[in-house]
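Read the structure below first, then the notes.
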Amino acid sequence: MKLEQQIINYALKHEPQEICGFVVFKGQEKIFLPCENIADDPENYFEISTDDWLLAHQYDGIVAVVHSHPEGEAVLSTADRQMQVQSGLDWWLVCDGQIKQFRNVPHLVGRDFEHGIMDCYTLFRDAYMLAGLDFPDFEREDGWWTSGENLYLDNMTKQGFYRTDDGVKVGDVILMQVGADVPNHAAIYLGKWHQVLHHSPNRLSKRDLYDGYWFKHTHSIWRHKDADHLNFNGIFNDLAITH
């Protein structure tokens, strides 16, 4: 039986309680290491004992922490995100008979800027990953917009986005043109108080009002073809930590 199906079956067997455990390396093989959920309210929370954490570390590497949301959303909760960042590990979430894999990334607000490593595309990519859709990363030289490249427009449709003119909605990506001939900055529309999430050079990632300067420099608005099937609460759950 494949690893993911083994985990899904284990989760179904233990409903309505949340299951927990690890995916670990045993030699070159990935295996599922189930753990007892010692939370006081195992139908709504999970907790892994210190002994089970120590046991997981005796294997040849931890791939991910695993848990389930039997009656919940297929995104990490605010508490999940807090614990994930503390753990420094990828997390796998079982929900609705599927497994969602979430890379371990820093919280969305308060990141230091480093082009190509922690920049506006990184924030865009990580936010969408938390909403349920992960995009590939790619190398990009600082100042690419001055050397004839047009990275955002060249890649948006490849990743399933289409340009829209019917007004901005939560989760839409707003491309901006800041001191360049091509769009070179991206923000995610949050809706609440007409805010966007973005990361500018030499600043911490933050929420900003989408008006004035940013509205003036807007190039275009893009929406993913599967936007109706994404759960942008995954973004808001993380932002709730850093309000």
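The values are calculated or read from the model by the stated rules, or taken from the named source; none is laboratory data. Computed from a predicted structure; not experimentally measured. All Cβ positions, even for glycine, are placed from backbone atoms using ideal geometry, and neighbour counts span all protein chains on display.
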For segment 200-208, does any single residue satisfy the condition of being touching a Leu at 6+ places or on another chain (Cβ under 7 Å) and either within 25 Å of Ala79 (Cα to Cα) or modelled with pLDDT of 95 or more (or both)? yes
Counting only strands (runs of 3 or more DSSP E) wholly inside segment 146-242, the ones holding at least 1 residues that are in contact (Cβ under 8 Å) with a residue 60 or more places away in the chain and buried (at least 18 other Cβ atoms within 10 Å of the Cβ) are 161-163, 185-189, 195-198, 206-209, 218-224
Check Leu54 against each of (1) in contact with a strand residue (DSSP E or B) (Cβ under 7 Å, 6 or more places away or on another chain); (2) among the hydrophobic types (A, V, I, L, M, F, W, C); (3) exposed (fewer than 13 other Cβ atoms within 10 Å of the Cβ) and name the one condition it does not meet. (1)
Only one of these is surrounded by 20 or more Cβ atoms within 10 Å (Cβ to Cβ), among the acidic types (Asp, Glu), in the same structural domain as His229 (by the TED database) and closer than 30 Å to Ile48 by Cα: Asp126, Asp134, Asp80. Name it. Asp126
Filtering segment 8-29 down to residues that are of a type in the set (Gly, Ala, Ser) and surrounded by fewer than 16 Cβ atoms within 10 Å (Cβ to Cβ) yields Gly27
Among the listed residues Val75, Val109, Val94, identify the single one that is closer than 21 Å to Lys30 by Cβ and touching a residue at least 12 places away in the same chain (Cβ under 8 Å). Val94
Being at pLDDT below 95 and among the hydroxyl-bearing types (Ser, Thr, Tyr) is the filter here; which residues of segment 214-243 pass it? Thr242
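Is it the case that segment 129-145 has a residue that's more than 22 Å from Val182 (Cβ to Cβ), assigned to a loop (DSSP other than H, G, I, E, B) and in contact with a His (Cβ under 9 Å, 6 or more places away or on another chain)? Quick ask: steps written out before the conclusion?
Of all residues in segment 129-145, those more than 22 Å from Val182 (Cβ to Cβ) come to 129-134.
Narrowing further to those that are assigned to a loop (DSSP other than H, G, I, E, B): 132-134.
Narrowing further to those that are in contact with a His (Cβ under 9 Å, 6 or more places away or on another chain): 132-133.
Within segment 129-145, one or more residues are more than 22 Å from Val182 (Cβ to Cβ), assigned to a loop (DSSP other than H, G, I, E, B) and in contact with a His (Cβ under 9 Å, 6 or more places away or on another chain).
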If I ask for residues that are touching a Phe, Trp or Tyr at 6+ places or on another chain (Cβ under 8 Å) and part of a strand (DSSP E or B), which ones from segment 1-30 would you list? Cys20, Gly21, Phe22, Val23, Val24, Phe25, Lys26
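Taking the criterion of being surrounded by fewer than 18 Cβ atoms within 10 Å (Cβ to Cβ), part of a loop (DSSP other than H, G, I, E, B) and under 13 Å from the mean Cα position of the chain (by Cα), would at least one residue in segment 112-120 satisfy it?
Here is the first cut: in segment 112-120, the residues surrounded by fewer than 18 Cβ atoms within 10 Å (Cβ to Cβ) are 112-118.
Right, trim to part of a loop (DSSP other than H, G, I, E, B) and you get 112-113, 115-117.
The next check asks that each one be under 13 Å from the mean Cα position of the chain (by Cα); those that pass are none.
Within segment 112-120, not a single residue is surrounded by fewer than 18 Cβ atoms within 10 Å (Cβ to Cβ), part of a loop (DSSP other than H, G, I, E, B) and under 13 Å from the mean Cα position of the chain (by Cα).
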